[in-house]
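Asker: One structure coming up, written as structure tokens, with questions to follow.
Nothing in this text is a laboratory measurement; each read-out follows from the coordinates by a stated rule. This one's a predicted model, so the numbers in the text were calculated from it and none came from an experiment. Note that each Cβ is placed from the backbone with ideal geometry, even for glycine, and that neighbours are counted across all protein chains shown.
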């Protein structure tokens with residue numbers, strides 16, 4: 001995808017970043033930016049000027065707390081924009097290994113955090129069924145979730 | 001008040017079952033009509049799956065909502081992430097005809113159809129709106145003498161346009177529910193700051209996410225809190241497991257107990273800590289348990 005296509009894709013999704021005046025309210029409000037290289041103002045600027053934003057590793061340091069979006073005086077949907085840029089990146093094959101792994105867990109178990117023996121024991125201590133009444137307990141429900149994931153070609157996306 | 005079904009998500013049943021147990025006990029005690037939601041899956045997690053592929057996010061969230069539609073129930077969530085994911089997906093599917101149609105193509109393959117007939121609730125928002133702090137206070141049998149550092153968690157109140165729960169900078173509704181139990185909700189700097197876990201940061205960049213957690217824990221310790229209370233199992237995990245990880249990685253000890261609101265309310269409604277699974281946390285602070293024993297039993 002070309003750099004201008006990123007901006008077009010965002011605009012088609014109702015995400016207009018071009019009104020940004022670079023005031024820095026977003027980056028100064030960012031809890032992640034205190035401890036990581038994430039600079040939301042720079043991401044918005046980079047998107048506006050067509051920098052190669054898809055390979056920017058800062059994209060993955062946003063905790064999606066939405067403080068930037070709430071405080072933006074221009075009402076730019078900054079967090080939603082970061083998430084939308086991630087979507088484009090993932091569809092271009094750019095994804096962190098840990099995120100690929102957690103996606104595989106959902107494909108296999110229908111849960112991003114599946115049960116383990118330690119927690120089964122904890123459930124028994126609480127006089128609960130060791131297996132929760134979710135997809136873990138109903139194989140046909142898990143099969144349905146897997147059908148949906150294949151129907152959306154999520155299995156191919158995260159392979 | 002409409003009927004509810006309890007959506008468990010992933011972390012509650014598969015990491016912190018005490019929260020599931022405490023929620024069931026509180027719902028029974030408050031005489032809230034809430035059924036199980038058999039076969040539900042991951043919501044799916046908003047920060048990661050939503051940002052990977054929107055059709056996948058809508059299909060899985062849509063299926064979970066349909067399960068509740070089939071029971072004629074609103075969905076009750078006990079996690080900010082599940083609440084954010086399901087409430088946003090429900091909103092998009094209700095409002096956007098094209099998205100509803102494309103999502104139903106996927107759902108049709110498993111014999112399901114999204115109709116858009118139910119709402120998604122969060123237990124804190126539900127208790128505040130349907131009961132209110134005064135009524136909760138009347139139900140309390142063991143008022144708690146605790147100083148609570150409340151952590152709202154981001155996705156309970158933000159994005160605010162979709163939530164409509166009042167101020168995102170200084171909300172009070174959750175504090176009022178804490179104080180209804182007799183506990184004091186103490187003020188502390190950066191109270192509304194993120195725990196550091198969301199958006200896939202914990203799963204991919206653990207140390208970075210723990211830096212944010214460490215910052216909040218220091219603020220909470222300095223404010224003299226007896227415990228942290230949250231309404232999001234992912235924040236719960238980040239604060240509880242996170243303290244053990246911080247001990248290992250940064251050689252810092254906080255030893256602050258972490259409770260979900262269902263567990264705090266359960267204590268105030270008279271249930272002992274072990275029945276609420278509070279002792280099954282990673283952090284088990286002896287002084288805190290002694291305090292609970294001395295003042296509750």
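Asker: Taking only Cα atoms, what is the 0 to 90° angle, nearest 10, from helix A:40-49's long axis to the longest principal axis of chain A?
Answerer: Compared with the principal axis, the helix lies near 60 degrees.
Asker: Give me B:135, B:216 sorted ascending by neighbouring Cβ count inside 10 Å, so fewest comes first.
Answerer: Result, fewest neighbours first: B:135, B:216.
Asker: Most mobile of B:145, B:74, B:53 per a Gaussian network model of chain B (Cα springs, under 10 Å)?
Answerer: B:53
Asker: Helix B:54-71 sits at what angle to the longest principal axis of chain B, using alpha carbons and giving 0 to 90 degrees rounded to 10?
Answerer: Computed tilt is about 90 degrees.
Asker: Same structure, new question: Run the helix sum for chain B: -39,500 (n - 2.57) per DSSP H stretch of 4+ residues, divided by residue count, reported at 222 nm to the nearest 500 deg cm²/dmol. Working shown, then result.
Answerer: Working: 15 runs with 147 residues, N = 297.
One gets -14500 deg cm²/dmol as the mean residue ellipticity at 222 nm.
Asker: Okay, moving on. Hey, in the GNM for chain B with a 10 angstrom Cα cutoff, which one of B:210, B:177, B:30 fluctuates hardest?
Answerer: Evaluated over chain B, the most mobile residue of the options is B:30.
Asker: In peptide A:52-65, how many Cβ atoms from other protein chains are near each Cβ within 10 Å, on average?
Answerer: Mean shielding by partner chains, rounded to a whole number: 5.
Asker: Whole angstrom only: what separates the Cα centroid of the range B:145-206 from the Cα centroid of the range B:1-51?
Answerer: 19
Asker: Where does each of B:106, B:91, B:236, A:111 land when they are ranked from fewest to most other beta-carbon atoms within 10 angstrom? Numbers along the way, then the final one.
Answerer: Values: B:106 23, B:91 14, B:236 30, A:111 26.
Listed from fewest to most nearby Cβ atoms, that is B:91, B:106, A:111, B:236.
Asker: Let me ask something else. Peptide B:32-45: average number of partner chain Cβ atoms within 10 Å per residue?
Answerer: 5
Asker: Taking the Cα centre of each part, how many Å lie between the range A:121-159 and the range B:65-135?
Answerer: 19
Asker: Using Cα centres only, tell me the gap between the range B:236-290 and the range A:33-101 in whole Å.
Answerer: Using only Cα atoms to place each centre, the spacing works out to 33 Å.
Asker: With a ≥ b ≥ c taken as the square roots of the eigenvalues of the C-alpha gyration tensor of the range B:114-194, please select rounded if a/c is under 1.5 and otherwise prolate if a/b is larger than b/c or oblate if it is not? Intermediate values should be presented prior to the final figure.
Answerer: Numbers: a/c = 2.75, a/b = 1.28, b/c = 2.16.
Judged from the Cα gyration tensor, the range B:114-194 comes out oblate (a/c at least 1.5, b/c at or above a/b).
Asker: Nearest 0.05, what FRET efficiency do residue B:95 and residue B:172 give at R0 = 30 Å with Cβ-Cβ as r?
Answerer: Efficiency, from the Cβ-Cβ distance: 0.55.
Asker: Which of B:86, B:259, B:37 moves most in a GNM of chain B, Cα contacts under 10 Å?
Answerer: B:37
Asker: Across peptide A:31-41, how many C-beta atoms of other chains are within 10 Å of each residue C-beta, on average?
Answerer: Averaged over the peptide's residues, the number is 4.
Asker: Turning to a different aspect of this structure: Can you put A:81, A:9, B:77 in order, fewest other beta carbons within 10 Å first?
Answerer: A:9, A:81, B:77
Asker: Would the range B:164-297 count as rounded, prolate or oblate if I go by the C-alpha gyration tensor, calling it rounded below 1.5 in a/c and otherwise prolate when a/b exceeds b/c, oblate otherwise? Working shown, then result.
Answerer: Numbers: a/c = 1.76, a/b = 1.22, b/c = 1.44.
Judged from the Cα gyration tensor, the range B:164-297 comes out oblate (a/c at least 1.5, b/c at or above a/b).
Asker: Just to confirm the number: angle between the C-alpha axis of helix B:233-250 and the first principal axis of chain B, 0 to 90 degrees, nearest 10?
Answerer: Relative to chain B, helix B:233-250 is tipped by roughly 50 degrees.
Asker: Classify the range B:65-213 as rounded, prolate or oblate, taking a ≥ b ≥ c as the square roots of the eigenvalues of its Cα gyration tensor: rounded when a/c is under 1.5, otherwise prolate if a/b is larger than b/c and oblate if not.
Answerer: Verdict is oblate for the range B:65-213.
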